[in-house]
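The values are calculated or read from the model by the stated rules, or taken from the named source; none is laboratory data. Keep in mind it's a predicted model, so treat the numbers as computed, not measured. Cβ atoms come from the backbone with ideal geometry, glycine included; neighbour counts cover every protein chain shown.
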């Protein structure tokens, strides 16, 4: 059986978890990332986040790999932010990221989760959200840099 699309929930943070992703930056950045993704054969179905991180729901073809897709999105988007002068300083993403596949039957739930990020982060910070990911997906603290120091 050939799989036509692979759904992946991806999360990554700004370098040092700096609070750089203002509403103004995101309004330009999200559209740019969606257009860039389409031109390169993947599809960002949803994108949202907080001041220091992004959540994306990406649909990829079965011949693509998540490492390449995320590297391209992160590299090109940080280059674009800096080239456009959206911030008065050099912008960078953290090196690491979180990615987990999403079953077709769970795509709508993931869309709602990503769409609700603004409201979610009124009551929960990213460190707590990340802790939930660790517990839900049973992985160890591999991406220590994503966490806020205690």
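The sole residue among 44, 34, 81 that is part of a strand (DSSP E or B), under 16 Å from the mean Cα position of the chain (by Cα) and closer than 30 Å to residue 123 by Cβ is 44. Of note, residue 73 satisfies the criterion of being in contact (Cβ under 8 Å) with a residue 40 or more places away in the chain, crowded, with 20+ Cβ neighbours inside 10 Å, part of a helix (DSSP H, G or I) and within 16 Å of the chain's Cα centre (by Cα).
Out of curiosity, is residue 140 at pLDDT below 95, outside any strand (DSSP E or B) and either touching a helix residue (DSSP H, G or I) at 6+ places or on another chain (Cβ under 6 Å) or exposed (fewer than 11 other Cβ atoms within 10 Å of the Cβ) (or both)? Yes; evaluated as a whole, the condition is true for this residue. In region 80-101, the residues that are surrounded by fewer than 11 Cβ atoms within 10 Å (Cβ to Cβ) form Cβ pairs under 7 Å with partners that are in a helix (DSSP H, G or I), at six or more places apart or across chains, as follows: 90/82. When the residues of region 6-31 are filtered to those that are crowded, with 16+ Cβ neighbours inside 10 Å, in contact with a strand residue (DSSP E or B) (Cβ under 9 Å, 6 or more places away or on another chain) and outside any strand (DSSP E or B), the one that is modelled with the lowest pLDDT is 17. Applying a threshold of 6 Å to beta carbon distances and a minimum spacing of six or more residues, or different chains, the list of pairs starting in region 43-62 at a residue that is at negative phi and touching a residue at least 12 places away in the same chain (Cβ under 8 Å) and ending at one that is surrounded by 19 or more Cβ atoms within 10 Å (Cβ to Cβ) and assigned to a loop (DSSP other than H, G, I, E, B) reads 51/21; 58/42; 60/42. When 63, 108 are screened for being modelled with pLDDT of 90 or more and either in contact with a helix residue (DSSP H, G or I) (Cβ under 6 Å, 6 or more places away or on another chain) or farther than 18 Å from residue 25 by Cβ (or both), only 108 passes.
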